[in-house]
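**Q** My questions will all concern the structure given below.
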Amino acid sequence: MNERSPRRLLVAGGAGFIGSNFVKLLRSTRPEVEVTVLDKLTYAGNPANLRELEGTPGYRFVRGDICDGEMVDHLAGQVDAIVNFAAETHVDRSLLDPFAFVLTDVLGTGVLAEAARKHGHDVFLLVSTDEVYGHVPEGRSKEEDAFRPRSPYSASKAGGELLARSYLESFGLPLVVTRGSNNYGPNQFPEKIIPLFITNALDGLKLPLYGDGSAIRDYVHVEDHCRGIDLALRRGTPGAAYNLGTGVETSGREVAATVVELTGLDESSIEQVVDRAGHDYRYALDVSQAREELGWSAGIGFREGMERTVRWYRDNQDWWRPLRSGEYWEFYRRNYKPLEVK
Ligand code: NAD
Ligand code: TYD
């Protein structure tokens, strides 16, 4: 198999959850690759995620916005490839403030694609999501399926992907896309279901389950997802998209029950709350293309991944406790109106 191996990478959004796990994976497995992280440090970006890399050779951090064309162009001129993680990512926030998502996830992606095209990069790796397929009542989404996004988040991700695809068709941009399922693991901001439920459990707060808790997701451990992104970067065919998931279906209620069990609480900690508007009740991926073309499959099962993740949040309270203050509780109040907040 012919592999590309870009020597200098710009990792946009590298201070977030998945981006920082990816950068750490890359530094440990291929230390010869020079990495520049570009990140705006929104509420979700956290310099602490990358602290262990500060001052190490071949690594640098630049604070900036992917919508800033001049700065992106300058940085793109110093690298061989871009991997884009930068995005607004939380569906519930997209229901409260949709246009922040349009700006970063659509326009920002376009700015990066433009810079990659201009500088003749080897590859532009766009980290997309299974949410672009929308609600999947039956069967499994294949890469060629139509986009049917239903939230401002997923519509913005689909818009960014389509814009990048137009650069592939119009200008020959060597675009490779990954569409990952729901990630969990260390350093995830405590707003998505798994880190929210774990931190609430450790804080003695209720676990707010939307509706009847039957909505289905495919939870992939972030280490598996990052390994898949790295394989797509090296082996992905320009123009291709790769679904990255486990193929295992898990309901919200099962997530809650697992957190309750692993933190020693009882079921009364789970509280059903008003359902999310436009809730996508099922995502399900066909991951055969990633297996066959990239040689990738997820290795960490849900139970093992959850045990590791609960342990990480228990052992790293100095990482997440400062995040749960001020704006965090304002968002929490707006989103979970009926619930009591500390
Ligand atoms: P995150 O919210 O933890 O991190 C996003 C990062 O992007 C933050 O560091 C933030 O500061 C940065 N950022 C936001 N706007 C920016 C801008 N305008 N310019 C520069 N930086 C900016 O997100 P995550 O969960 O790590 O997701 C990373 C990527 O993976 C996203 O593109 C997301 O759509 C995709 N994805 C996420 C999941 C998931 O389950 N979390 C699943 C599939 C795909
Ligand atoms: P989430 O982690 O927000 O990811 P997604 O982008 O896939 O919606 O939500 C995952 C599932 O968990 C989804 O079905 C909604 C549900 N959920 C809750 O029941 N309670 C919560 O507080 C959150 C954040 C999510």
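The values are calculated or read from the model by the stated rules, or taken from the named source; none is laboratory data. In this text the structure is predicted, and so the values were computed from the model without any measurement. With ideal geometry, Cβ positions are generated from the backbone for all residues, glycine too; neighbour counts draw on all protein chains shown. SASA here: full protein model, heavy atoms, side chains in, ligands and nucleic acids out. Shrake-Rupley method; radii C 1.70, N 1.55, O 1.52, S 1.80 Å.
**Q** Using a Förster distance of 22 angstrom, determine the FRET efficiency expected from the C-beta separation of Glu267 and Arg314, and round it to 0.05.
**A** The pair Glu267/Arg314 has a calculated efficiency of 0.60.
**Q** Using amide H atoms built 1.01 Å from N in the peptide plane, name the residues 5+ places from Thr129, or on other chains, whose amide H lies under 5 Å from its own.
**A** Those lying under 5 Å, H to H, from Thr129 are Gly180.
**Q** Amide H of Tyr210: which non-local residues (sequence gap of 5 or more, or other chain) have their own amide H closer than 5 Å, using H built in the peptide plane?
**A** Val273
**Q** Below 27 Å, Cα to Cα, which lysines can Lys118 reach? Residues fewer than 8 away in the same chain don't count.
**A** Cα-Cα hits under 27 Å: Lys40, Lys157.
**Q** Here's a follow-up. Run a plain Debye calculation on the chain (Cα atoms as equal point scatterers, no solvent) and give log10 I(q)/I(0) at q = 0.10 Å⁻¹, rounded to two decimals, same order as the q list.
**A** Log10 I(q)/I(0), no solvent term: -0.56.
**Q** Quick one: 3J(HN,Hα) in Hz for region 272-287, Karplus 6.51/-1.76/1.60 with θ = phi - 60°, rounded, Gly and Pro as x.
**A** Values per residue, Gly and Pro as x: 6, 10, 3, 5, 5, 5, x, 3, 6, 7, 7, 10, 8, 10, 8, 10 Hz.
**Q** Need one value: the accessible area of Trp329 in square angstrom, 1.4 angstrom probe, rounded to the nearest 10.
**A** 30
**Q** Using the Karplus curve 6.51 cos²θ - 1.76 cosθ + 1.60 with θ = phi - 60°, what ³J(HN,Hα) values do you get for each residue of region 28-41, in whole Hz, with x for Gly and Pro?
**A** 7, 9, 9, x, 6, 7, 7, 10, 10, 8, 10, 8, 7, 6
**Q** For region 155-257, what % of the accessible area comes from carbon and sulfur atoms, probe 1.4 Å?
**A** Solvent-exposed carbon and sulfur of region 155-257 make up 54 percent of the total.
**Q** Taking amide H positions as placed 1.01 Å from N in the peptide plane, with prolines and chain starts having none, which residues 5 or more places from Arg282, or on another chain, fall under 5 Å of its amide H?
**A** Val136, Ile216
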